[in-house]
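A.B. asks: This is the structure I want to talk about, given as structure tokens.
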């Protein structure tokens, strides 16, 4: 993995996953060696079938190896909005899936003995940047309590939030005590190692260039060999534009760049002044900023960068915002800067399903996928067995292509600029 991230610098060794060389057969070919694809492989192998995993780059090259490491039951779309648009049962089920997702991550870590992941139920604090945002957090907490009996979310006033964070720039917050943090690259590499232990073949540097339907299934073509499989799963998410094989998915998601910076070690005194309780935190801005500690370092991330490469302007903006929130970090040097793509959808919900018989997908996690991706890998294993798990809105068809797709990039730029202006005005 070439991404110069804190995770890459502190990860366990990468698994040995040579490129495909020649022809192979499998029950299910999985395209994408991230959380979703590897979880699917583990669950498919666990029921006695033979999966094979193919990736254009390396295990965890995409969002799975670059994200902030928050495992929560959060979705980009709110439960209140889901209930208003799809009904009470759909909202309740989506909430249950969020809780199951965090448990699924913990279960995989325990089952396959992955101690380097550093999984910890440290809690997730959403910090209100305006009084109106605090009112929304209060409404969301009331919904959780009255609708689904969820008592794991607690409201914090302004003083309690300041004590939790080490900054007084928020109007209060909402704390989810079930959420966890982990080392994402160690997690995805651990899943790959566990899959190897079950005999699953994983091939890096093996882009899938075409998938052709044949009488007995599919012929999956790569530059170095082919795979004959009865079924195919695509878990390429924001990287669905690498080859023509995923063209149908590329037009259904909007890649959006997310950037992260990490400081040099803080030391005991400075470390005690920032996030003393060790929470993962995100604010309520439209272009959210989030932060956490990893060991003795402070990590700060956010959305709004553009293009396929790292953005110096984006990193500079993150550093300025970090030091505005936490003046005690003003003289703290940065040691790592990295970015990657998340996949947004028009309805802000993930989509798991099939665009045609035998070809399955799980994409569009909208930047909140660490936990739900693992559970959706398990769901894909069930779907490819012929089962129909209740995935609430995640599994509901249709998954339409984005209209006027060539205008997506300028449209995202305009929308981002508008959201940045509203955030600056405190709206």
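The values are calculated or read from the model by the stated rules, or taken from the named source; none is laboratory data. All of these numbers come straight from a predicted model, not from anything done at the bench. Glycine also receives a Cβ, built like all others from the backbone with ideal geometry; neighbour counts cover every protein chain displayed.
A.B. asks: Quick check on my filter: what residues within region 142-164 are under 25 Å from the mean Cα position of the chain (by Cα) and closer than 14 Å to residue 92 by Cα?
C.D. replies: Residues satisfying the conditions are 143, 144, 148, 150.
A.B. asks: Next question. Only one residue in 225, 267 is free of Cβ contacts under 8 Å to residues at least 40 places away in the same chain and on the phi > 0 side of the Ramachandran plot, so which one is that?
C.D. replies: On the way: 225 fails: free of Cβ contacts under 8 Å to residues at least 40 places away in the same chain.
So the residue among 225, 267 that is free of Cβ contacts under 8 Å to residues at least 40 places away in the same chain and on the phi > 0 side of the Ramachandran plot is 267.
A.B. asks: Hey, among 208, 232, 227, 253, which residue is closer than 21 Å to residue 62 by Cβ and more than 23 Å from the chain's Cα centre (by Cα)?
C.D. replies: Numbers: 208 fails: more than 23 Å from the chain's Cα centre (by Cα); 232 fails: more than 23 Å from the chain's Cα centre (by Cα); 253 fails: more than 23 Å from the chain's Cα centre (by Cα).
After ruling out the rest, the residue left standing is 227.
A.B. asks: Now for a separate question. Starting from residues that are within 30 Å of residue 339 (Cα to Cα) and in a loop (DSSP other than H, G, I, E, B), keep the ones in region 69-89 and report whichever is nearest to the chain's Cα centre (by Cα).
C.D. replies: Step by step, filter region 69-89, then rank; the result is 69.
A.B. asks: Looking only at region 110-127, which residues are part of a helix (DSSP H, G or I) and under 17 Å from the mean Cα position of the chain (by Cα)?
C.D. replies: 117
A.B. asks: Residues of region 13-29 being buried (at least 16 other Cβ atoms within 10 Å of the Cβ) and under 20 Å from residue 108 (Cβ atoms), which ones?
C.D. replies: Result: 14, 15, 17, 28.
A.B. asks: Looking at 65, 32 in this structure, which one is crowded, with 18+ Cβ neighbours inside 10 Å and touching a strand residue (DSSP E or B) at 6+ places or on another chain (Cβ under 7 Å)? Let's see the steps before the verdict.
C.D. replies: Values: 65 fails: touching a strand residue (DSSP E or B) at 6+ places or on another chain (Cβ under 7 Å).
Result: 32 is the single residue among 65, 32 that is crowded, with 18+ Cβ neighbours inside 10 Å and touching a strand residue (DSSP E or B) at 6+ places or on another chain (Cβ under 7 Å).
A.B. asks: Of the residues that make up region 371-386, is at least one outside any helix (DSSP H, G or I), modelled with pLDDT of 95 or more and more than 21 Å from residue 250 (Cβ to Cβ)?
C.D. replies: yes
A.B. asks: Collect the residues in region 76-98 that are buried (at least 17 other Cβ atoms within 10 Å of the Cβ) and within 16 Å of residue 153 (Cα to Cα), keeping them in residue-number order.
C.D. replies: 78, 79, 95, 98
A.B. asks: Can you spot a residue in region 30-37 that is more than 17 Å from residue 369 (Cα to Cα) and at pLDDT 95 or above?
C.D. replies: Within region 30-37 (the criterion being more than 17 Å from residue 369 (Cα to Cα) and at pLDDT 95 or above), the answer is yes, since at least one residue qualifies.
A.B. asks: Kindly list, by first and then second residue, each pair from a residue in region 279-302 that is more than 16 Å from residue 122 (Cβ to Cβ) to a residue that is assigned to a loop (DSSP other than H, G, I, E, B), limited to pairs with Cβ atoms under 6 Å and residues at least 6 apart or on different chains.
C.D. replies: Filtered contacts from region 279-302: 283/129; 284/128; 284/129; 285/129; 301/68.
A.B. asks: Right, another one. For region 214-226, which positions are modelled with pLDDT of 95 or more and either outside any strand (DSSP E or B) or surrounded by 13 or more Cβ atoms within 10 Å (Cβ to Cβ) (or both)? Working first, answer last.
C.D. replies: From region 214-226, those modelled with pLDDT of 95 or more are 214, 217-226; that's our starting set.
Of everything in region 214-226, those that are modelled with pLDDT of 95 or more and either outside any strand (DSSP E or B) or surrounded by 13 or more Cβ atoms within 10 Å (Cβ to Cβ) (or both) turn out to be 217, 218, 219, 220, 221, 222, 223, 224, 225, 226.
A.B. asks: Would you mind stating whether residue 255 is in a loop (DSSP other than H, G, I, E, B), farther than 25 Å from residue 47 by Cα and touching a residue at least 60 places away in the same chain (Cβ under 8 Å)?
C.D. replies: Here the answer is no, as residue 255 does not meet what is asked.
A.B. asks: I'd like the full set of residues that are surrounded by 22 or more Cβ atoms within 10 Å (Cβ to Cβ) and either without any contact (Cβ under 8 Å) to a residue 60 or more places away in the chain or in contact with a helix residue (DSSP H, G or I) (Cβ under 6 Å, 6 or more places away or on another chain) (or both), limited to region 168-179.
C.D. replies: Hits for region 168-179 are 170, 173, 174.
A.B. asks: Could I ask something else about it? Look at region 128-164 and say how many of its residues are outside any helix (DSSP H, G or I), touching a helix residue (DSSP H, G or I) at 6+ places or on another chain (Cβ under 7 Å) and buried (at least 16 other Cβ atoms within 10 Å of the Cβ).
C.D. replies: Total satisfying the criteria: 5.
A.B. asks: Still on this structure, I have one more. Going residue by residue through region 403-410, is there one that turns out to be assigned to a helix (DSSP H, G or I) and either at pLDDT 90 or above or within 21 Å of residue 28 (Cβ to Cβ) (or both)?
C.D. replies: No, every residue in region 403-410 fails to be assigned to a helix (DSSP H, G or I) and either at pLDDT 90 or above or within 21 Å of residue 28 (Cβ to Cβ) (or both).
A.B. asks: Suppose we filter region 246-261 for residues that are surrounded by fewer than 22 Cβ atoms within 10 Å (Cβ to Cβ) and under 17 Å from residue 325 (Cα atoms); how many remain?
C.D. replies: Number of matching residues: 0.
A.B. asks: Sticking with this one: Of (1) part of a strand (DSSP E or B); (2) over 22 Å from the mean Cα position of the chain (by Cα); (3) closer than 18 Å to residue 376 by Cβ, residue 45 satisfies all except one. Which?
C.D. replies: (1)
A.B. asks: Go over the candidates 199, 193 one by one and state the one that is closer than 30 Å to residue 356 by Cα and surrounded by fewer than 23 Cβ atoms within 10 Å (Cβ to Cβ).
C.D. replies: 199
A.B. asks: Something else: Just wondering, is there one or more residues in region 317-337 that are surrounded by fewer than 20 Cβ atoms within 10 Å (Cβ to Cβ), touching a strand residue (DSSP E or B) at 6+ places or on another chain (Cβ under 9 Å) and either closer than 17 Å to residue 367 by Cα or without any contact (Cβ under 8 Å) to a residue 12 or more places away in the chain (or both)?
C.D. replies: The answer is no, given that none of the residues of region 317-337 is surrounded by fewer than 20 Cβ atoms within 10 Å (Cβ to Cβ), touching a strand residue (DSSP E or B) at 6+ places or on another chain (Cβ under 9 Å) and either closer than 17 Å to residue 367 by Cα or without any contact (Cβ under 8 Å) to a residue 12 or more places away in the chain (or both).
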